[in-house]
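Everything on this sheet refers to the single structure shown next.
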Amino acid sequence: MSPFYSKAYIYKDGNLVFKDNFSSDAVFINSDIQNLSNNVYIFPGFVDVHVHFREPGFSFKETIRTGSLAAANGGFTAVCTMPNLNPVPDSMEHLKVQLDIIRRDAVIQVLPMGSITVNQDGERLSDMEGMAPFVAGFSDDGRGVQNEEIMRAAMVKAKQLGKVISAHCEDIFLAGKGYIHDGVYAKTHGHIGIPSESEWRQIARDIELCAATGCSYHVCHVSAKESVELIRQAKKSGVDITCETAPHYLTLTENDLQENGRFKMNPPLRSEDDRDALIEGLRDGTVDMIATDHAPHTSEEKSRGLVSSPMGVVGLETAFPVLYTELVRTGKIKLDRLIWAMSAAPAKRFGIDNSDCFTAFDLDACFEVEPQKFESMGHATPFDGRTVYGKRISTVYKGEEI
């Protein structure tokens, strides 16, 4: 049995009971467990270091309450929220607005990311020192830090504070006005493409800065094969670098695109070669973890097609079933590697205490993805209608079932 998860046993009294590999204490999950298969597993609670809960500022898209419920529904017990909010968490005054809502409404652990720059404008560093005790790290997610000297200064400060820089890597000049991958589908259907170089070129720049400053550096939502190889070589040379990719990049390509906003995200779905490189990176440890980049928008916003819909799809409630179905059941990766990438690896990198947090899944349970049943206010997912295996039975946060 893997050291990262344990088989669950069903008792006659109607409780799902298990003993983990680190404790002799039995954990009881009081759920409706009728019609479960004999393939129910208990995993550590999943950790997602890249989500958008939209509050404060955009609560018509998602709230801390609905986002954290969606996370729990997907088996997640800790998440890190990105700073593209209003107000942007660039000072303690602004961060406190978000922290107060989290204390009031969150049903799992919700840890903010502070912004790297004031108002995410890329020009002046935020109050990183003041926010450091209250944030998981620093990011300007949604836009790459274009100014090299600003990024260098941010890395120096993060190093002093013992915090991770979590970078959205995108050269906006190379990306131009693109909105899907600059590949076959874009050329065939007359769309403006985003080249892979817009991602990997900024990663290459930041690797040099990271090597020079000694900063703990993390790359968000890696999507391109060149990015994977750059990160692989940087790790071999001793650079303190980790990275994440998302379920949609591991399981979909530009060949799956439809003229529908639920297939539009940034970075975009790329080629089969890119997807295969990500899977190989996950297997060999180059890709450390999986994050959903859960990014809800209203149904009206996402109804505008590939050209006019905003970037972003939801993913918390489909992440494990999709990955288990497409990667584990097909033999592309091992189950313990998936669980490590969704729990231990992100928790370790960002110093997240995820003890006494568990989730139970029936791996034989098959169901159809129905976005209207999501806890999230966002329903735009490229997996709408897909048949998947692995149904969540329960989520336990700090010893209490949600």
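Some points to look at:
- Estimated 222 nm signal from helices in the chain, with DSSP H stretches of n ≥ 4 weighted -39500 (n - 2.57), rounded to 500: -8500 deg cm²/dmol
- Projected-area mean, the chain, by convex hull of Cα positions, square nanometres: 18.2 nm²
- Inter-part distance where the range 207-269 and the range 120-186 are each reduced to a Cα centre, Å: 14 Å
- Pairs over the 19 Å Cα-Cα cut-off, from the set Lys235/Lys348; Lys61/Lys264; Lys348/Lys398; Lys157/Lys348; Lys177/Lys264: Lys157/Lys348.
- The Cβ shell under 13 Å around Leu161 holds other residues with a net charge of +1, Lys and Arg each +1, Asp and Glu each -1.
- The Kirkwood radius of the range 244-317, taken over pairs of alpha-carbon atoms, gives through the Stokes-Einstein law at 10 °C and 1.306 mPa s a diffusion coefficient of 124 µm² s⁻¹.
- Share, in percent, of DSSP beta bridges within the chain that are antiparallel, nearest 5: 50 percent
- Longest exposed-site-free window of the chain, the sites being chymotrypsin sites (Phe, Trp or Tyr not before Pro) in a DSSP loop that have at most 14 other C-beta atoms within 10 Å: 61-402
- All other residues whose Cβ lies under 14 angstrom from that of Ala319 are scored, Lys and Arg at +1 and Asp and Glu at -1, for a net of -3.
- Low-density loop positions, trypsin sites (Lys or Arg not before Pro), the range 172-202 - DSSP coil, at most 16 other Cβ in 10 Å: Lys177
- Footprinting exposure proxy ranking of Cys366, Cys210, fewest other C-beta atoms within 10 angstrom first, gives Cys366, Cys210.
- Gyration tensor verdict on the range 140-279 (Cα atoms; rounded if a/c is under 1.5, prolate if a/b is larger than b/c, oblate otherwise): prolate
No value in this document is a laboratory result; all are computed from the given coordinates. Since the structure is predicted, the reported quantities are computational estimates derived from the model, not experimental observations. Glycine gets a Cβ as well: all are built from the backbone with ideal geometry, and neighbour counts include every protein chain shown.
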